[in-house]
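Presented below is the structure to which this report refers.
None of the figures in this text is laboratory data; all of them are computed from the coordinates on show. Everything numeric here is computed off the predicted structure, so don't read it as measured data. Because the Cβ atoms are built from the backbone with ideal geometry, glycine has one as well, and the counts that use them run over all protein chains shown.
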Amino acid sequence: MAACLAGCSDPAPPAPPARSRQLPPAATAFGSHRGLSPVRGIIHLHSPFSHDACDGMPRDEQTGAVDEACLADLRAGLCASRVDYASLTDHDDSMADEDFETLFLQRGDDEMIRDGTGAPVASRIHCDNGHDVLCFVGGENELMPIMLRGHPAGTVSERHDIYNAYDATTSQLFRSLGGLSWVAHTEGRSVDELRALDLDGLELYNLHANIDPNIRQDDLGLDPATAIQAAAEFADPNPSGPEPDLALIAFLEPSPAVQRWDTLLGEGRHISASAGTDAHQNALPIAMRDGERGDSYRRMIRWFSNVALVGDPSDPLAIEDALASGRMFVAFELFGTPSGFDMVATSAGGDVEIGGTLNVADGATLQVTLPTVYELDPSLPPPAIRARILRVDSAGTTDVAAGDQATLMAALDSPGAYRVEVLITPHHLAPYLGRFDEYAAREQVWIYSNPIYVE
């Protein structure tokens, strides 16, 4: 026995349960409350109608035809992650040169959905797995209009000029075209700029900003090279290496965009916030251990979602209304799909949902239900989950309640914008991270809610 103990090595730890490369249906995983259903969305996404998508070669040099293989990757990524709505935001080069209806990426038996005037609102992409994706058209230049129903009027040259304009008049023009005026890369904008744009929404996080060396250095104040180095470590081909789908955990950083948003909220502005995937499939073409490129559409789309709460998930206008009113939250599904999250203000006058407004005299109470990780395997170590209720007003941002209990409450007894952050220490991911298991001990924001406003 002594000889055996001396000569035998410790057994390898058992392999953790397999992780799915897909996401569960939103309605099943997130849960519905008070007649509102969650729909999973991607806001800020580039197709082959952006000049820099598909490794900078989105079109055939001879025929000008778009790269159908790259487009198929995009469509497959949306389907695998069961995205319910995708807000395309292509650059004016080349989306402004196209017939507007071409931009909805219809293939096969996809359907076009039109409004009462006949204008195209969205296409309905039919997936092989039985899921449907509502695909909207917008653009990302200086402003990021989303969910448009047509190009601006004028010549193609004038159209390009409008898409590249950067003022409140252009924001109003995009609204007249049925869309919403958003802005991307808030981390690189001053508060004065944002005030002047008459926006419907902004990005509180942008994935590209976390990894681009110039943006990291100039706008985030971080080492420019560390993100790419960290991502490359997840390309380890060894079976014991880290799970490639978790690569974002190595370079995920909070954004100063949140502070800019809070400044605007503290001034009494009602402005929605989202997280931008900014996927182009053009940054990391090396193959990971799973045989897929590092920056595949599927992998990036899977990392986080903009969850809108709607009465009818099949109605594109209901989704647009939810985004305009801020009835939505950002969920970093990298850490698992948050199941059961809820946020509602209750008073004698009734319930007020995320994005809604009530009067301080209503004597309302904010009630927050902490989520759990959807279908977490019991063999995995449990994560630590807590929440913060924040009041944003002219004095700044204040914690009014915090804790890890199942339900968190706060009296809405002072004017301000009340938003919630759910934080997670993802111990359950340690078995999938190999030698980088220290990332599982870092607390990260799992959910950013939009506010409920008290006046």
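Before moving on, here are some points about what is shown:
- Positive minus negative residues near A27 (Lys, Arg vs Asp, Glu; Cβ under 13 Å): -1
- Among 263-276, 189-202, sorting by the average number of other beta carbon atoms lying within 10 angstrom of each residue, highest first, gives 263-276, 189-202.
- Look at where the Cα atoms of region 156-177 and of region 247-326 average out, and the two centres are 23 Å apart.
- Gyration tensor (alpha-carbon) shape descriptor, region 1-130, a/c threshold 1.5: oblate
- Simple spin-label estimate for D437 and Q62 in nanometres, 7 Å along Cα-Cβ: 5.5
- Global geometry of region 140-210, whether rounded, prolate or oblate, following the gyration tensor of its Cα atoms and the 1.5 cut on a/c: prolate
- Positive-end residue, region 358-455 charge dipole about Cα centroid, Cβ charges, pick of Y418, A387, T407: A387
- Net charge over other residues, Cβ less than 10 angstrom from the Cβ of S414 (K, R count +1; D, E count -1): -1
- Low-density loop positions, trypsin sites (Lys or Arg not before Pro), region 82-127 - DSSP coil, at most 13 other Cβ in 10 Å: R107
- Electrostatic dipole magnitude of region 21-340 [Cβ: Lys, Arg +1; Asp, Glu -1; Cα centre; debye, to 20]: 1060
- Charged-residue dipole, Cβ positions (Lys, Arg, Asp, Glu), region 112-161 about Cα centre, Debye nearest 20: 220
- Gap separating the Cα centres of region 327-377 and region 224-240, nearest whole Å: 36
- Radius 13 Å from Cβ of E111, net charge of other residues (Lys, Arg +1; Asp, Glu -1): -1
- A straight line joining the Cα centroids of region 54-81 and region 406-427 runs 41 Å.
- Where a label projected 7 Å from the Cα of D115 along Cα→Cβ would reach, residues of region 173-211 with amide N under 14 Å: 173-181
- Counting only DSSP H runs of at least 4 residues, each contributing -39500 (n - 2.57), and dividing by the residue count of the chain, the helix-based mean residue ellipticity at 222 nm comes to -5500 deg cm²/dmol.
- Zone residues, region 338-365, relative to Q405, backbone N less than 17 Å from point 7 Å out along Cα-to-Cβ: 342-344, 346, 365
- Protection proxy ranking for 176-186, 50-60, using the average of other Cβ atoms within 10 Å per residue and placing the highest first: 176-186, 50-60.
- For Cα extents along the principal axes in Å, computed directly from the structure shown, the correct entry in [x] 87, 67, 43; [y] 91, 58, 39; [z] 90, 53, 44 is [x].
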